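Working notes for the structure below.
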Amino acid sequence: MLVIKEDRTATMEFDIEIIRKDFPILSQKVNGQPLVYLDNAASSQKPLAVIDAISDYYKTTHSNVHRGVHYLSQRATTAYEDTREKVRALINAKLDHEIIFTRGTTESINLLASSLGKHQIQKGDEIVISEMEHHSNIVPWQLLCEETGAILKVIPVNDQGEITEESYHNVINEKTKIVAICHVSNTLGTINSIASIIEYAHQFGALTVIDGAQALPHMTVDVQQLNCDFYCFSGHKMFGPTGIGILYGKEALLDALPPYHGGGNMIENVTFEKTTYNKLPHKFEAGTPNIAGGIGLGAAIDYIMKIGYEEIGKYEDELAKYGHEQLSAIKNLRFIGDATEKSAVFSFVIEGIHPSDLGTILDQQGIAVRTGHHCTQPLMDKFGISGTVRASFAFYNTIDEVDRLVNGINKAVAMLS
Ligand code: PMP
């Protein structure tokens, strides 16, 4: 039942059966069993509202955006730019043009590493990341270090998979120019105290880059409250399409950065002698963008807002609590990452069983989990393992699916032992 509240925090009473009907993919069978989709940290499924928005766009509106004088171009531009405003409101940025469309988190971070690197990073400067970062928040900074002679410093993670205050105080100092940290770890589920890390980094004048790929699907993000300098995320993890993502940056900082890609739309004036650049956000948006992706992301944001993060959070907390209890009861199962502040992600290993064997047997039972290093190889090295099994939940998963997972694991263990 829809209940529109004025503050838009929770506009729909959480009815899991109704919600699941919005996601057609979830009702299919895989290997003869009803699908249990627990690979949401890799990519989440799409509600009909998103699928229809993309389809309608191509049926009724498609044309290239910006600068067109004709009806369809203006209509497409309006729909695409509406998403920018929805993103702004979603993360409470001050200004629309602080929202840059990219292909995803990976491109957002690469853009920053490239553009920041050109002017602001010099030999001997330090760039700080953490041991739990996704390769997307490691390799772009390594490339920058190779180019400039800057030094990559790493905040260690404790055995529970947490970043302690002491650990980041030991690494961030006056040589630190950039601190790039994930809000939520894709492998461990740890929710980092990023507000405190940002505040500490700012005491040394460092810029802060937050990888929010795993936060937006689950929780409210307020970039003004966090006071981060940059915040990056991907549409496809938050029930939107692939190939569209966001870079948020404070206006003055984005203004000061050189462009990333050159081409159409990002220019003000071009001559063979000199090109001047367009204003924000276009300066960073060269070429024809992913228009349908942008519009689909707008529909995903509407969908999330309709349910409300408060409801999503409450429901996922229940799933996580129950999942933790049930998985803990499995003999020889070791959680990788057991942080106090954690989202509904379970990474684990079972003694004597290879994660990919376990994943394959779960798949035969219609249960989709991810196995491997989850693009966090240094973190695997820290825990002395080659990979984990990861079950990651979204608000459309159910208690019954937790039971299916646990039964599936028990069956696999009996077969493999
Ligand atoms: N950072 C984190 C924490 C992630 O989970 C992911 C995706 N697994 C990325 C970055 C990269 O996102 P994308 O592939 O959408 O660019």
Dipole magnitude (debye, nearest 20) for the chain, charges at Cβ of Lys, Arg, Asp, Glu: 960 debye
Rounded to 5, percent antiparallel among DSSP beta bridges of the chain: 60 percent
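Taking 0.36 nm per residue of sequence separation and subtracting the Cα-Cα distance, how much length would be gained by fully extending the chain between residue 269 and residue 58, in nm to one decimal? Before the final figure, lay out the partial values.
Working: separation 211, 0.36 × 211 = 75.96 nm, distance 3.13 nm.
In short, 72.8 nm is gained.
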Distribution of pairwise C-alpha distances over the chain, 10 Å bins, in %: 5, 21, 30, 26, 14, 4, 0, 0
Computed over the chain: relative contact order in percent, which uses C-alpha pairs under 8 Å that are six or more apart: 23 percent
Pairs beyond 26 Å (Cα-Cα), from 153/382; 118/175; 94/279; 237/306: none
Charge dipole of the chain about the Cα centre (unit charges at C-beta), most positive-ward option of 71, 386, 95: 71
Partners for residue 123 among aspartates and glutamates (Cα-Cα distance below 14 Å; same-chain residues under 8 apart left out): 146, 147
Region 52-305 - percent of accessible surface contributed by carbon and sulfur, probe 1.4 Å: 50 percent
Candidate aspartates and glutamates for bridging to residue 177, where Cα separation is under 15 Å - those fewer than 8 sequence places away on the same chain excluded: 125, 126, 199, 229
Three principal axis lengths of region 308-416 [C-alpha, angstrom, descending]: 40, 31, 22
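The values are calculated or read from the model by the stated rules, or taken from the named source; none is laboratory data. Keep in mind the model is a prediction, meaning the values are calculated, not measured. Heads up, the Cβs are rebuilt from the backbone with ideal geometry, glycines too, and the neighbour counts pull from every protein chain shown. Surface areas here come from the heavy atoms of the whole protein model, side chains and all, with no ligands, DNA or RNA. Shrake-Rupley method; radii C 1.70, N 1.55, O 1.52, S 1.80 Å.
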